Amino acid sequence: MKCHGCGADLQNLHQSKIGYSEKLTNQYCLRCFKMKHYKVVIPQEITPAQFTEQLASLLVKPNELKHRLFYYVIDIFDIELSRNHYLETLLANEKVTILVNKVDLMPKAVKRLKLQKYFQDLFATSPLTNYQVFLVSKNNTNSLKFLQKQLEKQNTNEQYFIGHSNVGKSSLINALLKQNKQSENLVTAPSFHTTLNFLPVKINDYLTIIDTPGLNREDAWNYYVTPNDLKYLHFQKELLQYTYQIESGQSLIIGGLISVNFSFPAEQKIDLHYYAYQHLDIHRTKTNKSNDYLQKHQLELHPEPQAELINNHFLTYQPKIDVKTKRFDLSLGNLGWINVPNIPKLNITVSTNINLPSRSFQNLLTVRKPLV
Ligand SMILES: Nc1nc2c(ncn2[C@@H]2O[C@H](COP(=O)(O)OP(=O)(O)OP(=O)(O)O)[C@@H](O)[C@H]2O)c(=O)[nH]1
Ligand SMILES: [Mg+2]
């Protein structure tokens with residue numbers, strides 16, 4: 001028997017291992033039962049490499065007799081970090097539907113067609129050769145109806161929802177269950193590695209979808225914030241656009257995590273648009289005071305870093321502005337993104353006193369063409 005929440009094989013021998021349940025006839029393992037009913041985050045001892053292997057072995061062994069389809073889910077609020085380039089290489093010759101999830105977070109004024117084109121272009125430089133893009137959200141009925149139609153058209157029970165952990169694979173399948181008046185069995189959470197095994201889910205008489213464990217994310221803000229503040233990284237409210245007129249030598253401090261510092265030839269001010277969660281703490285200060293401010297207040301700001309990860313020294317990274325568009329986005333993963341004018345001699349640095357590998361810090365910051 002598999003747990004209906006996470007797909008793990010139920011076992012009643014080892015309480016600390018995956019799939020433990022007192023009775024093998026239970027619908028849920030103990031972990032899922034607690035996560036579902038008490039909304040607590042329960043990390044599970046897992047070896048994420050196994051998930052990748054499991055998925056890789058499925059992908060490298062093409063079964064010509066079977067008609068398999070892959071739905072590669074990414075998170076519109078965390079585009080760069082929710083992509084998995086290894087997975088894209090494995091999928092290169094498969095027919096792939098890219099589900100750009102969580103579009104409910106985008107401001108209503110943003111044209112859906114424009115977003116569609118953005119992702120179509122973005123994936124043109126990926127290894128994928130046969131793909132289509134759908135914009136979806138567990139909170140958007142129209143997108144779910146459209147998705148269900150597409151899924152039902154395929155005459156196969158081998159349709160896999162795959163991708164990184166936390167992009168919302170199980171949430172989308174739950175939303176399809178709800179649309180079909182079934183109970184939303186799958187367990188979902190703002191923490192990583194909720195689904196632990198492949199799990200076929202019957203949506204209706206014509207449609208079964210296979211949920212899969214999310215691939216491991218090497219770099220994510222989730223690893224550095226207090227568990228209680230994961231809600232600042234995963235939320236259900238439309239993003240707000242904050243506009244700042246910034247002078248050279250000013251910084252924006254974001255949560256208790258980073259300071260983004262701007263410098264450019266004096267005299268002028270620049271307009272920045274920050275797209276962020278409405279409850280995120282953003283504070284403007286002079287760059288020469290920003291480190292002091294962060295150190296002094298960081299345990300009062302949200303998202304709050306884990307206290308034991310705070311260092312005495314600051315790590316600074318200067319993202320390379322390598323796009324030619326008039327404006328660009330400095331994407332900060334699921335802390336949102338700052339839309340900046342691409343003026344000559346603009347210098348942006350980002351500092352943190354969180355103890356994180358400098359490679360990870362770089363990966364958490366991306367310069368890209370403007371999303372909106
Ligand atoms: N705003 C918004 N949040 C979403 C959406 N879909 C999922 N989420 C949130 O994203 C987080 C992760 O969702 P899950 O469904 O558990 O993600 P998953 O891909 O199944 O993760 P794993 O099981 O670890 O692979 C949860 O906090 C969800 O509430 C969406 O369409 N919109
Ligand atoms: Mg899941």
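The values are calculated or read from the model by the stated rules, or taken from the named source; none is laboratory data. Since we're looking at a predicted model, the values are computed, not measured. Neighbour counts are summed over all protein chains in view; Cβ atoms, including those assigned to glycine, are modelled from backbone coordinates with ideal geometry.
Number of residues in region 188-202 that are more than 6 Å from ligand 1 (Cβ to nearest atom) and either in a helix (DSSP H, G or I) or surrounded by 20 or more Cβ atoms within 10 Å (Cβ to Cβ) (or both) equals 3.
Residues of region 205-232 that are out of contact with any helix residue (DSSP H, G or I) (no Cβ under 8 Å at 6 or more places or on another chain) and either among the basic types (Lys, Arg) or under 24 Å from Phe70 (Cα atoms) (or both): Asp205, Thr208, Ile210, Lys231.
With respect to the stated conditions, Gln27 is among the polar types (S, T, N, Q), surrounded by 12 or more Cβ atoms within 10 Å (Cβ to Cβ) and out of contact with any Pro (no Cβ under 6 Å at 6 or more places or on another chain). Can you tell me which residue is farthest from ligand 2 (Cβ to nearest atom) among those in region 68-113 that are touching a residue at least 40 places away in the same chain (Cβ under 8 Å) and polar (S, T, N, Q)? Step by step, filter region 68-113, then rank; the result is Thr97. Taking region 247-265 as the search range and keeping residues that are in a strand (DSSP E or B) and either of a type in the set (Gly, Ala, Ser) or over 27 Å from Leu230 (Cβ atoms) (or both), which one is nearest to the chain's Cα centre (by Cα)? If we take residues in region 247-265 being in a strand (DSSP E or B) and either of a type in the set (Gly, Ala, Ser) or over 27 Å from Leu230 (Cβ atoms) (or both), then Ser259 is nearest to the chain's Cα centre (by Cα). Under the condition of being in a helix (DSSP H, G or I), aliphatic (A, V, I, L, M) and in contact with a strand residue (DSSP E or B) (Cβ under 6 Å, 6 or more places away or on another chain), which residue from region 148-176 is farthest from Leu69 (Cα to Cα)? The extreme case among them is Leu176. Among the residues making up region 1-24, those that are among the small types (Gly, Ala, Ser), more than 17 Å from Pro190 (Cα to Cα) and buried (at least 19 other Cβ atoms within 10 Å of the Cβ) are Gly7, Ala8, Gly19, Ser21. Filtered by the rule that a residue be surrounded by fewer than 16 Cβ atoms within 10 Å (Cβ to Cβ) and assigned to a strand (DSSP E or B), region 220-246 gives Leu240, Gln241, Thr243, Gln245.
Under the condition of being free of Cβ contacts under 8 Å to residues at least 24 places away in the same chain and over 23 Å from Thr52 (Cα atoms), which residue from region 167-201 is farthest from ligand 2 (Cβ to nearest atom)? Among those that are free of Cβ contacts under 8 Å to residues at least 24 places away in the same chain and over 23 Å from Thr52 (Cα atoms), it is Lys181. Filtering region 173-187 to residues that are surrounded by 21 or more Cβ atoms within 10 Å (Cβ to Cβ) and either within 6 Å of ligand 1 (Cβ to nearest atom) or of a type in the set (S, T, N, Q) (or both) leaves only Asn174.
Condition check ((1) in contact with a helix residue (DSSP H, G or I) (Cβ under 9 Å, 6 or more places away or on another chain); (2) under 23 Å from Leu115 (Cβ atoms); (3) part of a strand (DSSP E or B)) across all residues:
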site: Glu300; (1), (2), (3): no, no, no
site: Pro303; (1), (2), (3): yes, no, no
site: Glu308; (1), (2), (3): no, no, no
site: Lys320; (1), (2), (3): no, no, no
site: Thr325; (1), (2), (3): no, yes, no
site: Asp329; (1), (2), (3): no, yes, yes
site: Val372; (1), (2), (3): yes, yes, no
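Selection over region 203-219 of residues that are in a loop (DSSP other than H, G, I, E, B) and more than 10 Å from ligand 1 (Cβ to nearest atom) gives a count of 4.
When residues in region 266-294 are screened for being outside any strand (DSSP E or B) and either out of contact with any Ser or Thr (no Cβ under 7 Å at 6 or more places or on another chain) or at pLDDT 95 or above (or both), 15 of them pass.
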